[in-house]
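Colleague: Take a look at the following structure, please.
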Amino acid sequence: MATTLQEVDTASQIIYLDHAATTPVREEVLDAMLPYFSEAFGNPSSLYAIAGESRNAIDEARSRVASVLNCRTSEVVFTGGGTEADNMAVKGVASTFDEPGDIVISEIEHHAIIHTAEQLEKDGHHVITVPVDRYGVVKPTDVSSRLGDSDAVVSIMFANNEVGAVNDIPEIARLAKEHGRKTGKNVVVHTDAVQASGKLSLDVKTLGVDLLSLSAHKIHGPKGVGVLYVRRGIKLEALIAGGGQERQRRSGTENVPGIVGMGMALALAENERQQFCQRTRELRDHFLAAVTERVSGVVVNNHPQNSLPHIAHISIPGLEGEPMLLGLDFKGVCASSGSACSSASVEPSHVLIGMGMSYELAAGSLRFSFGKDSREEDVQYAVNALSEVVGQLRGMPSMTA
Ligand code: PLP
């Protein structure tokens, strides 16, 4: 029987379905990190034995990451998260151009890329935004056809954080590189793979990219640590000057526990990738089928094939995301909406608007993202909760004038 809002005791039941926002640090990762906060606290740049322990731990983490990316250890740069890796990639390359260049991004990039591109535009670079289809997927020729006669950084995300759309990065990179060869211009290809890690293969040789960003906290690692893969031979100016750590690319005393956590989280996520995909796809598909049956008018926004397995993205016409999220939260269900609150107004997400969605549907959208520990019971509970919240909100007089 469905629960009612009055019966809810959130303390007893938290159903976390927001794994695309962040994930809890898993036990194996925490265990690997803990010694580097205390007994093995040495600064990796110092000469005594405990510093050597920190250095070895970083080396080991770098090897783990390099093995997942199928690259050299010297091509792995640890950063302070996905946002920093994205900034470092796009700004770092654009700063090496002799003349202002083209910054080619898609309409549905994360703000870490969009706002970086906007900053570069102020410095005289030319930002070119590539459209997406109704599911959020970029057509590879739409990227190459927009490249001109300038040096360029192409930054197209591997998988989108809101709707889970997956792009054909190998084809985008191939066409962009071909254009670079034909024109004799420097075309450098970056992909933001923050949401793809643990879900899609990150083999950089197959992807054909020059730069790739990752973040630990989406795969049960710690927050505030990430990776930028920088292919050998790619010129990149450092964003942060200082002691020259990370082969002069990212100065600052290394976040040793964080780096250890990043390496461990990525290795585990890669080992469990097939199993994760199968399990979350089943949960997601079941969720979508049940929601469609229980809640009238639901629109499913995921691409039928090219979508991350664990993200369910829906719109409920006539309702707004925020009251639905509050109702769900009241029932102990954590999800997210496609809206970002800015002052008093709720702005629909640029991703959904970029996909051509109406403001009404975009405003009434919700994302549920499943994780490795999500259970069938969670799906059922969340569907019941959503169906009830929607029922209650539909029964209320409209709050908008
Ligand atoms: N890129 C994408 C696609 C993301 O989803 C996120 C995080 O939400 C980021 C970049 C930023 O990563 P971080 O939170 O590690 O700065």
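Colleague: Past the 18 Å Cα-Cα mark, which pairs from K91/K182; K223/K331; K205/K372; K185/K235; K199/K372? Could the numbers behind the result be given before it?
Modeller: Working: K91/K182 24 Å; K223/K331 27 Å; K205/K372 27 Å; K185/K235 14 Å; K199/K372 11 Å.
From the list (K91/K182; K223/K331; K205/K372; K185/K235; K199/K372), the Cα-Cα distance tops 18 Å for K91/K182; K223/K331; K205/K372.
Colleague: What does the charge dipole of the chain about its Cα centre add up to, to the nearest 20 debye, if the Cβ of each Lys and Arg holds +1 and the Cβ of each Asp and Glu holds -1? Show your work: numbers first, answer last.
Modeller: Details: 35 positive and 50 negative charges, 190 e Å.
For this selection, approximately 920 debye.
Colleague: Here's something else I'd like to know. Report the residues of the stretch 148-165 in range of a label on D98: point 7 Å along Cα→C-beta, backbone N strictly under 14 Å from it.
Modeller: 150-152
Colleague: Compute the relative contact order of the chain as a whole-number percentage, counting only Cα pairs closer than 8 Å that sit 6 or more residues apart in sequence. Don't skip to the end; give the middle numbers.
Modeller: Details: 832 pairs, mean separation 90.0, N = 401.
The value is 22 percent.
Colleague: Compute the distance in nm between two label points, each set 7 Å from the Cα along the Cα-to-Cβ direction, one at N271 and one at R394.
Modeller: Output for this residue pair reads 4.7 nm.
Colleague: Taking Cα atoms, how many degrees apart are the long axis of helix 82-94 and the longest axis of the chain, rounded to 10 and kept between 0 and 90?
Modeller: 50 degrees
Colleague: Tilt of helix 111-122 relative to the longest C-alpha principal axis of the chain, in degrees (0 to 90, nearest 10)?
Modeller: The angle comes out near 60 degrees.
Colleague: Another question, then. So for the chain: antiparallel DSSP bridges make up what percent, rounded to the nearest 5?
Modeller: Values: 24 of 43 bridges.
Taking every DSSP beta bridge with both residues in the chain, the antiparallel ones total about 55 percent.
Colleague: Residues in the stretch 97-140 near a label at V299, defined as backbone nitrogen under 17 Å from the 7 Å Cα→Cβ point?
Modeller: Counting backbone N atoms under 17 Å from the label point, the list is 132-137.
Colleague: Using a Förster distance of 45 Å, how high is the FRET efficiency between D133 and S45, based on the Cβ-Cβ distance and rounded to 0.05?
Modeller: E(calc), rounded to 0.05, equals 0.40.
Colleague: Using only Cα atoms and rounding to the nearest 10 degrees, what angle (0 to 90) does helix 273-294 make with the longest principal axis of the chain?
Modeller: Its long axis makes an angle of about 30 degrees.
Colleague: May I ask which residue of V194, Y16, H286 lies farthest towards the positive end of the charge dipole of the chain, with charges of +1 (Lys, Arg) and -1 (Asp, Glu) on Cβ and the Cα centre as origin?
Modeller: Result: V194.
Colleague: Take the solvent-accessible surface of the protein heavy atoms, probe 1.4 Å, and return the percent of it on the chain that carbon and sulfur atoms account for.
Modeller: Numbers: 8720 of 17230 Å².
Of all accessible area on the chain, carbon and sulfur atoms account for 51 percent.
Colleague: Sticking with the crude label model, points 7 Å out along Cα→Cβ, report the distance from F330 to E121 in nm, one decimal please.
Modeller: Inter-label distance under the simple model: 4.1 nm.
Colleague: Right, here's the next one. Express in Å², to the nearest 10, the accessible area of K205 obtained by rolling a 1.4 Å probe over the protein heavy atoms while all chains stay in place.
Modeller: Number for this one is 130 Å².
Colleague: Leaving out ligands and nucleic acids, and using a 1.4 Å probe, what accessible area per residue does the chain come to in Å²?
Modeller: On the way: 17230 Å² over 401 residues.
Per residue, the chain has 43 Å² of solvent-accessible surface.
Colleague: In the chain, what is the volume of the convex hull around the alpha carbon atoms, normalised per residue and reported in Å³?
Modeller: Details: hull volume 59.3 nm³, N = 401.
Looking at the chain, the number lands at 148 Å³ per residue.
Colleague: Kindly provide the helix-only [θ] at 222 nm of the chain, computed as the sum of -39,500 (n - 2.57) over DSSP H runs of four or more divided by all residues, to the nearest 500 deg cm²/dmol?
Modeller: Numbers: 13 runs with 154 residues, N = 401.
Value at 222 nm, helices only, nearest 500: -12000 deg cm²/dmol.
Colleague: When the chain is modelled as a GNM with alpha-carbon springs shorter than 10 Å, which of A241, A265, A89 fluctuates the most?
Modeller: Residue with maximal mean-square fluctuation among A241, A265, A89: A241.
Colleague: Kirkwood Rh, the stretch 1-151, all Cα pairs: how many Å? Before the final figure, lay out the partial values.
Modeller: Numbers: mean 1/r = 0.0496 Å⁻¹.
Value: 20.2 Å, from the Cα pair sum.
Colleague: List every residue whose amide H lies under 5 Å from the amide H of V333, counting only residues 5 or more places away in sequence or on a different chain, with H placed 1.01 Å from N in the peptide plane.
Modeller: Amide H neighbours of V333, under 5 Å, 5+ apart: I15.
Colleague: Assuming R0 = 51 Å, can you tell me the calculated FRET efficiency for the pair A241 and E377, based on Cβ-Cβ distance, to the nearest 0.05?
Modeller: Values: r = 52 Å, r/R0 = 1.02.
Using R0 = 51 Å, I get an efficiency of 0.50.
Colleague: Another question, if that's okay. For E282, what accessible area in Å² do you get when you roll a 1.4 Å probe over the heavy atoms of the protein chains, rounding to the nearest 10?
Modeller: Counting only protein heavy atoms, the figure is 110 Å².
The values are calculated or read from the model by the stated rules, or taken from the named source; none is laboratory data. Owing to the predicted nature of the structure, the values given are computational and were not obtained by experimental measurement. Every residue, glycine as well, gets a Cβ built from its backbone with ideal geometry; the counts of neighbours run over all protein chains shown. For the accessible areas, the whole protein counts, side chains as well, though only heavy atoms, and no ligand, DNA or RNA atoms are used. Shrake-Rupley method; radii C 1.70, N 1.55, O 1.52, S 1.80 Å.
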